[in-house]
Amino acid sequence: MSKRTILTLPGDGIGKAVLDAAIRVLEAAGFEAEYVQGDIGWEFWKHEGNPLPERTLKLIEKHKIVLFGAITSKPKDAAAEELDPALQGKGLVYSSPIVGLRQHFGLDICMRPCHTYKGNPLNFVRRGADGSMEEPKVDVVIFRQNTEGLYSGIEWSDPPQNVYDAFMSHPKFAKNFGENPKEDLSISSRIFTKKATGRILHAAFEHARKYNYKSVTVCEKPNVLRETSGMMYKMAKEMQKNEFPEIELWNTNVDAQMMWLTKNPENYGVIVAGNLFGDIISDGFAGLIGGLGFACSAQYNPDTGIGVFEPTHGSAPKYADFPVSIVNPVAMIESACMMLDYINENDKASKIRKAVAAVIAEGKVRTYDMLKMRGSADVVNKGAASTDEMADAVIAKL
């Protein structure tokens with residue numbers, strides 16, 4: 001049987017270090033693959049004016065399964081300043097390559113599990129009614145609509161006249177903003193479609209049914225965002241009634257949910273939201289399980305089979321040039337496990353997850369974040385495990 005080919009996109013900063021660690025763990029678990037590396041990220045923006053080159057899109061189209069490290073992303077003006085002089089003044093405008101990748105391939109379903117590891121010193125704790133300390137078990141999976149909403153990139157500063165006229169046709173816009181000069185306005189659009197909203201809702205309900213979660217929570221803001229959030233909740237009610245009657249449907253406003261996630265996080269199972277609110281709520285729950293060093297994700301298109309698996313942390317450029325990499329590779333390793341699940345290598349994924357859990361529970365090998373140290377180049381000398389040492393510990397358990 002021929003080996004599967006996996007496309008790797010290390011990206012920027014710490015992306016290569018965590019990706020290399022995850023691949024070593026995959027190999028130790030017996031997963032055999034050919035790895036092909038693609039180009040993405042800041043260096044390609046600076047030197048080519050495109051952080052997501054066409055050659056990389058072709059590699060993704062060909063190989064379909066992608067392990068992704070991390071990218072550096074900066075505001076428009078800062079990005080323009082870092083372009084090579086030869087590219088300056090050519091009208092090039094930076095946009096996030098990972099957002100572009102999602103939209104190009106229709107990777108509209110994003111899944112972000114957040115579960116506590118026994119023995120993790122970073123787990124969320126709270127005070128019980130009798131004054132005792134409680135450590136609730138968090139087992140939440142956030143389904144985030146990945147291609148629409150406020151991240152769709154449909155926005156303007158000093159909008160074109162036809163756009164301005166369209167907005168002026170809305171009475172509330174004319175009343176509240178009509179006295180502002182057009183050049184003083186910046187406008188972002190929040191667009192939900194029934195097709196994409198239905199897909200993310202169905203994925204959330206299917207996951208709840210498959211893994212025996214009792215509830216699906218729509219986490220939006222329908223009391224204010226009546227059209228977009230309102231549509232999602234209305235569709236969820238119809239879907240739950242007609243297709244998933246055994247699963248409870250809960251409805252929370254995102255602002256209240258941010259309070260409740262520290263009040264009673266053990267009550268929640270599957271949560272579904274649009275792009276921005278899904279991003280916010282998944283980072284909130286990630287904080288309860290130890291931070292972004294433990295937060296993994298998958299984004300995929302069921303129609304094409306293309307899937308991209310990545311940790312939700314950034315490129316952490318301040319750590320990238322340390323002589324020894326200090327960052328926690330667990331989020332990347334868990335993202336690789338999600339890839340294994342996606343390609344039906346579930347036994348290997350289970351083996352790796354058990355090994356990660358055993359290392360954390362044992363507590364002998366901990367990265368700087370788990371020791372609650374400030375990130376600096378000397379933390380390894382102070383007893384923190386390096387990126388590779390954490391991976392080595394997982395491999396030893398395997």
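FYI, it's all coordinate maths here, none of it is from the lab. Here the structure is a predicted model, which means the values were calculated and not measured. Here the Cβ is made from the backbone with ideal geometry for all residues, glycine too, and neighbour counts use every protein chain on show.
Here the calculated FRET efficiency for LYS74 and VAL36, from their Cβ-Cβ distance with R0 = 30 Å, stands at 0.60, rounded to the nearest 0.05. Step through the table entries LYS118/LYS210; LYS46/LYS182; LYS210/LYS364, compare each Cα-Cα distance with 27 Å, and write down the pairs that go over it. Distance filter (> 27 Å) returns LYS46/LYS182; LYS210/LYS364. Candidate cross-link partners of LYS16 among the aspartates and glutamates, defined by an alpha-carbon separation under 18 Å and a same-chain spacing of 8 or more, comprise GLU27, GLU34, ASP39, GLU43, GLU310, ASP321, GLU334, ASP388, GLU389, ASP392.
Computing Rg and the Kirkwood Rh from the Cα coordinates of the chain gives a ratio, Rg/Rh, of 0.98. From the alpha carbon centroid of the stretch 159-204 to that of the stretch 349-364 is 47 Å.
Globularity index of the stretch 236-319 is 1.30 (Cα radius of gyration / 2.2 N^0.38 Å, N = number of residues). For LYS195, a cut-off of 22 angstrom between C-alpha atoms picks up these lysines, skipping any fewer than 8 places away in its own chain: LYS221, LYS234, LYS237, LYS241. Magnitude of the charge dipole for the stretch 358-398, about its Cα centre and with charges confined to Cβ atoms of Lys, Arg (+1) and Asp, Glu (-1), is about 200 debye. Once the Kirkwood radius over Cα pairs is known for the stretch 251-398, the Stokes-Einstein relation at 4 °C and 1.567 mPa s delivers a diffusion coefficient of 77 µm²/s. Rounded to the nearest angstrom and listed largest first, the equivalent-ellipsoid semi-axes of the stretch 4-112 from its Cα gyration tensor are 28, 15, 13. Top mean-square fluctuation among ASN251, ASN381, ASN162, Gaussian network model of the chain, C-alpha springs under 10 Å? Greatest mean-square fluctuation among the candidates belongs to ASN162.
In a fully extended conformation the segment linking LEU398 and GLU155 would gain 82.6 nm over its present Cα-Cα distance, using 0.36 nm per residue. Projecting label points 7 angstrom from Cα along Cα→Cβ for GLU238 and GLU43 puts them 5.0 nm apart. Based on DSSP H segments of at least four residues, each scored -39500 (n - 2.57), the chain has a per-residue ellipticity at 222 nm of -12500 deg cm²/dmol. The gain in end-to-end length when the ASP347 to ASN180 segment is fully stretched comes to 54.1 nm, 0.36 nm per residue minus the alpha carbon separation. Along the charge dipole of the chain, Cβ charges K/R +1 and D/E -1, which of TRP260, GLY178, VAL308 sits furthest on the positive end? Highest projection toward the positive end goes to TRP260.
What does the charge dipole of the chain about its Cα centre add up to, to the nearest 20 debye, if the Cβ of each Lys and Arg holds +1 and the Cβ of each Asp and Glu holds -1?
920
Stokes-Einstein diffusion for the stretch 180-302, with the hydrodynamic radius set to the Kirkwood value over Cα pairs and evaluated at 25 °C in a medium of 0.890 mPa s, equals 157 µm²/s. Entry note, the stretch 143-269: relative contact order of 25 percent, from Cα contacts under 8 Å with a spacing of 6+ residues.
In whole percent, what relative contact order does the chain give with Cα contacts below 8 Å and a gap of six or more residues?
RCO, the chain: 22 percent.
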